[in-house]
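*Asks:* Below is a structure I'd like to ask you about.
The values are calculated or read from the model by the stated rules, or taken from the named source; none is laboratory data. Computed from a predicted model, the values in this text were never measured in an experiment. In this analysis, Cβ positions are derived from the backbone assuming ideal geometry, glycine residues included, and neighbour counts consider all displayed protein chains. In case anyone asks, the SASA skips ligands and DNA or RNA and just uses the protein heavy atoms, side chains included. Shrake-Rupley method; radii C 1.70, N 1.55, O 1.52, S 1.80 Å.
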Amino acid sequence: MPEGRRRDGPIGPPQFGVERFTIPDVLDKRAEQFGDATMMSIAGTTVTFAQMRDRTCAAANVLVDRGVARGDTVALFTATCPEWVYFWLGAARIGAVSAAVNVANKDEFLVHALRLSRAKVVITDAERLGHLNEIVDRVETARTTLVVGDSLTEELSRASATPPDADPAGPDELAALFFTSGTTGPSKAVATTWHYLFSAAAGVATAWELAADDVVWSAMPLFHLSAAPSVLAPMLLGSTMVLSGAFRPSEVWDEIRACGAAGFAGAGAMVSMLWNQSPNAGDSQLPLRFISAAPIAADMYRSIEQRYGVRVVTMYGMTEAFPIAFKRVSEDGVPGTSGRVNPAFDVRIVDTDGHPMPAGAVGEITCRPKSANAMSLGYVDGEAVDSQLAVVAHEEWFRTGDLGSFDDDGNLTYIDRVKDSLRRRGENVSSVEVETTVMRHPAVLEAAAVAVPSDLGEDDILVVVTVASRADFDHAELLDFCSARMPYFCVPRYLEVVDEIPKNVIGRVRKDLLRTRGLGDDAWDREDHGYILSR
């Protein structure tokens, strides 16, 4: 890193919900301050702060030349690449809206995303161009396709790097659309402002205790809201993000050593995959200061910290509001919790009627921002008939659809999705905790726990798994593993091995399909096999 980086600067450290920035406010000042320092390495391409300023200006001018005006939508339908970032930030320079489309979308899923976002220009790549060409004539608003490659690179190099003659998107204007997972129906387009995105980035940077000379490594995709901390956090602090094009567990630690990363940012499943690799002496000699991921099982939390010589950073939130709670690097944290409430939010646990519940009680997590637009605006109105985006605003208190609880010290624990929770033998059971335990078994690759009807009332538990080898898999041995690690009422009655667990295009399990499907013909019933639970 070039000398002269420091934590403070012309912008100053982020304050929750206070500063209201535009992209030029932050990026152009950081380019002046840190010019030749690396802002990002994106899928192997290094981009300095000055280059990011110039290339986002060029992208903005390319969009203007293609007829994009204030309020038009530019869809980003590419794998992780520099152009994704150039056009995301470039669209902001002319007041256009970007739509972060999942790279796995095809056919009706892709049509839905592009129609809902009213996409006028679609940025794609060679791998996805065929899927786009198959459906683009069904998207009435689509006018232009730009394909990542030599031609677009040349066009960007020819375009002016001077800021376009246009007003940038204001802090409280619609900035970008990020899509929900769509586990119970068509995905929703979440409408975000730049103030929300910068606030989310500031919250994450605060949890990471990010400094200007820090490097953070991540393989989180840009079409998730993770684009905010991945791109905007280093912009705010003058630090560096290394964004890998793919998550390859066997290569992660080598990549982190190569870039000297102080932080790893990923999903809980990524940490599990890394944890399952054979330990070696180099694990405790990584340059990392923290691993930021969720969920992290409570009984693995301290072991992860000890093995890798790091602090675990946990957070809770969703596309609509993030982060709602977090634990900082310097805090010990309470294993199994997400940390304390983000100062930008008010958060309550409520019962089914919306009444607040005391510490220790499990209910639905609700939140509201303490300042305007410190969370998303709402959802794009899919019923609107004109070509302009319309947004249905959230209620004052946003109901997350998640179950959680507070402890006496204000730490928030995520329990489960409301619709995925189970009730068995008079006890509430978290499907997440069941799945986390099952997936710790070395033979199990993936697991999904759902409720099935019980002859005794309430629920029985079915766990559907994919395994490394059907021939070597032993149902009773897995139940022994579970029985030794979870309360008796959490141990599943039914186990079923499948070739593939159904997921949506974001990769989240379609539990609604598993519940509707019920027991498969190959479901193994421990009661039929005379398995006796130990208590």
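*Asks:* R0 = 56 Å: FRET efficiency of residue 332 with residue 137, Cβ-based, nearest 0.05? Walk me through the numbers on the way to the answer.
*Replies:* On the way: r = 57 Å, r/R0 = 1.02.
About 0.45, to the nearest 0.05.
*Asks:* Once label points are set 7 Å from the Cα along Cα→Cβ at both residue 477 and residue 284, what is their separation, rounded to one decimal in nm?
*Replies:* 3.1 nm
*Asks:* Where Rh is the Kirkwood radius over the Cα pairs of segment 232-366, the temperature 10 °C and the viscosity 1.306 mPa s, what D in µm²/s does Stokes-Einstein return? Present the calculation step by step, with values, prior to reporting the outcome.
*Replies:* Numbers: Rh = 16.5 Å.
Stokes-Einstein gives a translational diffusion coefficient of 96 µm²/s.
*Asks:* Sorted from largest down, give the three principal axis spans of the alpha carbons of segment 298-410, whole angstrom values.
*Replies:* That works out to 56, 32, 23 Å along the principal axes.
*Asks:* So what is the orientation-averaged projected area of segment 428-533, using the convex hull of its C-alpha atoms, in nm²? Let's see the in-between values first.
*Replies:* Numbers: hull surface 27.2 nm².
Result: 6.8 nm².
*Asks:* Moving on to the next point. For the peptides 274-283, 414-423, 476-485, 235-244, what is the packing order when you average, over each peptide's residues, the other Cβ atoms within 10 Å and list the highest mean first?
*Replies:* 235-244, 414-423, 476-485, 274-283
*Asks:* Next up: Quick check on segment 219-267: what does the Kirkwood estimate of hydrodynamic radius come out to from the alpha carbon pairs, in Å? Could you put the intermediate results ahead of the total?
*Replies:* Values: mean 1/r = 0.0871 Å⁻¹.
Taking every pair of different Cα atoms in segment 219-267, averaging 1/r and inverting gives 11.5 Å.
*Asks:* Residue by residue, what Karplus-based ³J(HN,Hα) values in Hz, rounded to whole numbers, does segment 109-126 have, using 6.51, -1.76 and 1.60 with θ = phi - 60° and x for Gly and Pro?
*Replies:* 5, 6, 4, 4, 5, 6, 5, 4, 8, 6, 5, 9, 10, 10, 9, 9, 10, 4
*Asks:* To the nearest whole percent, what portion of all C-alpha pairs in the chain is separated by more than 44 angstrom? Could you put the intermediate results ahead of the total?
*Replies:* Working: 22564 of 142845 pairs.
Here the tail beyond 44 Å accounts for 16 percent of pairs.
*Asks:* When ligands, DNA and RNA are left out and all protein chains stay put, how many square angstrom of accessible area per residue does the chain have with a 1.4 Å probe?
*Replies:* Working: 22040 Å² over 535 residues.
Ligands and nucleic acids excluded, the figure is 41 Å² per residue.
*Asks:* Using the Cα gyration tensor of segment 119-260, with a ≥ b ≥ c the square roots of its eigenvalues, what is the shape: rounded (a/c below 1.5), prolate (a/b larger than b/c) or oblate (neither)? Can you show the working numbers first?
*Replies:* Details: a/c = 1.42, a/b = 1.35, b/c = 1.05.
Judged from the Cα gyration tensor, segment 119-260 comes out rounded (a/c under 1.5).
*Asks:* Could you list the square roots of 5 times each eigenvalue of the Cα gyration tensor of segment 70-172, that is, the equivalent ellipsoid semi-axes, sorted largest first and rounded to whole Å?
*Replies:* On the way: eigenvalues 100, 57, 24 Å².
After diagonalising the Cα gyration tensor, the semi-axes are 22, 17, 11 Å.
*Asks:* How much length is gained if the chain between residue 516 and residue 407 is pulled fully straight, taking 0.36 nm per residue apart and subtracting their Cα-Cα distance, in nm to one decimal? Walk me through the numbers on the way to the answer.
*Replies:* Values: separation 109, 0.36 × 109 = 39.24 nm, distance 3.49 nm.
Full extension from residue 516 to residue 407 adds 35.7 nm.
*Asks:* Hey, another quick one. Given the chain, what count of lysine pairs have C-alpha atoms under 17 Å apart, with each pair 8 or more places apart or on different chains? Let's see the in-between values first.
*Replies:* Working: 106/188; 106/503; 188/503; 419/503; 419/511; 503/511.
The result is 6.
*Asks:* A further question on this structure: Can you give the charge dipole size of the chain about its Cα centre, rounded to the nearest 20 debye, using +1 on the beta carbon of Lys and Arg and -1 on the beta carbon of Asp and Glu? Don't skip to the end; give the middle numbers.
*Replies:* On the way: 50 positive and 73 negative charges, 171 e Å.
For the chain, the charge dipole is close to 820 debye.
*Asks:* Using the Kirkwood radius built from alpha carbon pairs, what does the Stokes-Einstein equation give as D for segment 54-119 at 20 °C and 1.002 mPa s, in µm² per second? Each step should come with its number before you reach the end.
*Replies:* Values: Rh = 12.0 Å.
Here the translational diffusion coefficient equals 179 µm²/s.
*Asks:* Cα-based Rg of segment 7-153 per 2.2 N^0.38 Å, rounded to two decimals? Write down the numbers at each step before the final one.
*Replies:* On the way: Rg = 16.3 Å, N = 147, 2.2 N^0.38 = 14.7 Å.
Working it through for segment 7-153, the quotient is 1.11.
*Asks:* Using r as the Cβ-Cβ distance of residue 445 and residue 165, and R0 as 41 Å, what FRET efficiency do you calculate, to the nearest 0.05? Working shown, then result.
*Replies:* Values: r = 54 Å, r/R0 = 1.31.
Computed FRET efficiency for residue 445 and residue 165 comes out at 0.15.
*Asks:* So what is the relative contact order for the chain, in percent, with contacts set as C-alpha pairs under 8 Å and at least six apart?
*Replies:* Values: 1127 pairs, mean separation 60.7, N = 535.
Across the chain, relative contact order equals 11 percent.
*Asks:* Kindly work out what percent of the DSSP beta bridges joining two residues of the chain are antiparallel, to the nearest 5.
*Replies:* Here the share of antiparallel DSSP bridges comes out near 60 percent.
*Asks:* Further question: Quickly rank 198-206, 302-310, 339-347, 284-292 as a protection proxy: mean count of other C-beta atoms within 10 Å, highest first. List each step's numbers first, then the result.
*Replies:* Working: 198-206: 26.7, 302-310: 16.2, 339-347: 21.4, 284-292: 19.1.
In descending order of packing, they fall as 198-206, 339-347, 284-292, 302-310.
*Asks:* A follow-up question, please. What ranking, highest mean first, results for peptides 120-132, 400-412, 148-160 when packing means the other Cβ atoms within 10 Å averaged over each residue?
*Replies:* Values: 120-132: 19.7, 400-412: 17.8, 148-160: 14.2.
In decreasing order of mean packing, 120-132, 400-412, 148-160 become 120-132, 400-412, 148-160.
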